[in-house]
Every structure is written in structure tokens, then in C-alpha cells.
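What follows draws every value from the coordinates through simple rules; no lab data is involved. All of these numbers come straight from a predicted model, not from anything done at the bench. With ideal geometry, Cβ positions are generated from the backbone for all residues, glycine too; neighbour counts draw on all protein chains shown.
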Amino acid sequence: MSDEILKIFAKNVKKYRKLRKLSIEELSELTSIKAGYLKRIEEGTAKRISTKHLNKISFVLNIEAYRFFL
């Protein structure tokens, strides 16, 4: 992903997580994705994200995946 897309994605993951009133640790438990990796995603420092992880986050936050990129 380009840096700009990563920033948009990071901002939206954090926004939707907070709207669902979930901590990073809670999202980690629900998605089986390590909290440290989720933190890097939200900071925009994770260089890639697999579609598997994208789908897990999307499912748990009840958001269509494309909305993370708007």
C-alpha cells in the first residue's frame, strides 16, 4: 500500500474501533491478531496487511472493508 493509503486505512481502523468502544487488546482477542500488530496498523507503521487480517478486522467491527479506504 502507498503511504497515503496506509494513513487513511490506519485512521479509519482506529475510528471504527473506537466507535465500537473496543480497546486494541479487545480487538486483538476478537480477531486473533496480535495487539502489537494492530497498534502498528493504527499508527500507520505496518507496511502491509493481508486480506485475511483485513477481513477479520472488518468482520469484528461490522464494517464493509472498502470503508477503511475512504
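Things to note:
- In the stretch 31-48, residue farthest from ILE5 (Cα to Cα) [restricted to those that are among the basic types (Lys, Arg) and surrounded by 12 or more Cβ atoms within 10 Å (Cβ to Cβ)]: LYS39
- Considering ALA10, ALA46, the condition of being small (Gly, Ala, Ser) and not in a helix (DSSP H, G or I) is satisfied by ALA46 alone.
- The stretch 49-59, subset hydrophobic (A, V, I, L, M, F, W, C) and not in a loop (DSSP other than H, G, I, E, B), residue surrounded by the most Cβ atoms within 10 Å (Cβ to Cβ): ILE57
- The stretch 13-43, residues that are of a type in the set (Lys, Arg) and in a loop (DSSP other than H, G, I, E, B): ARG20, LYS21, LYS34
- Of the residues screened, SER28 is one that is farther than 16 Å from PHE68 by Cβ and surrounded by 15 or more Cβ atoms within 10 Å (Cβ to Cβ).
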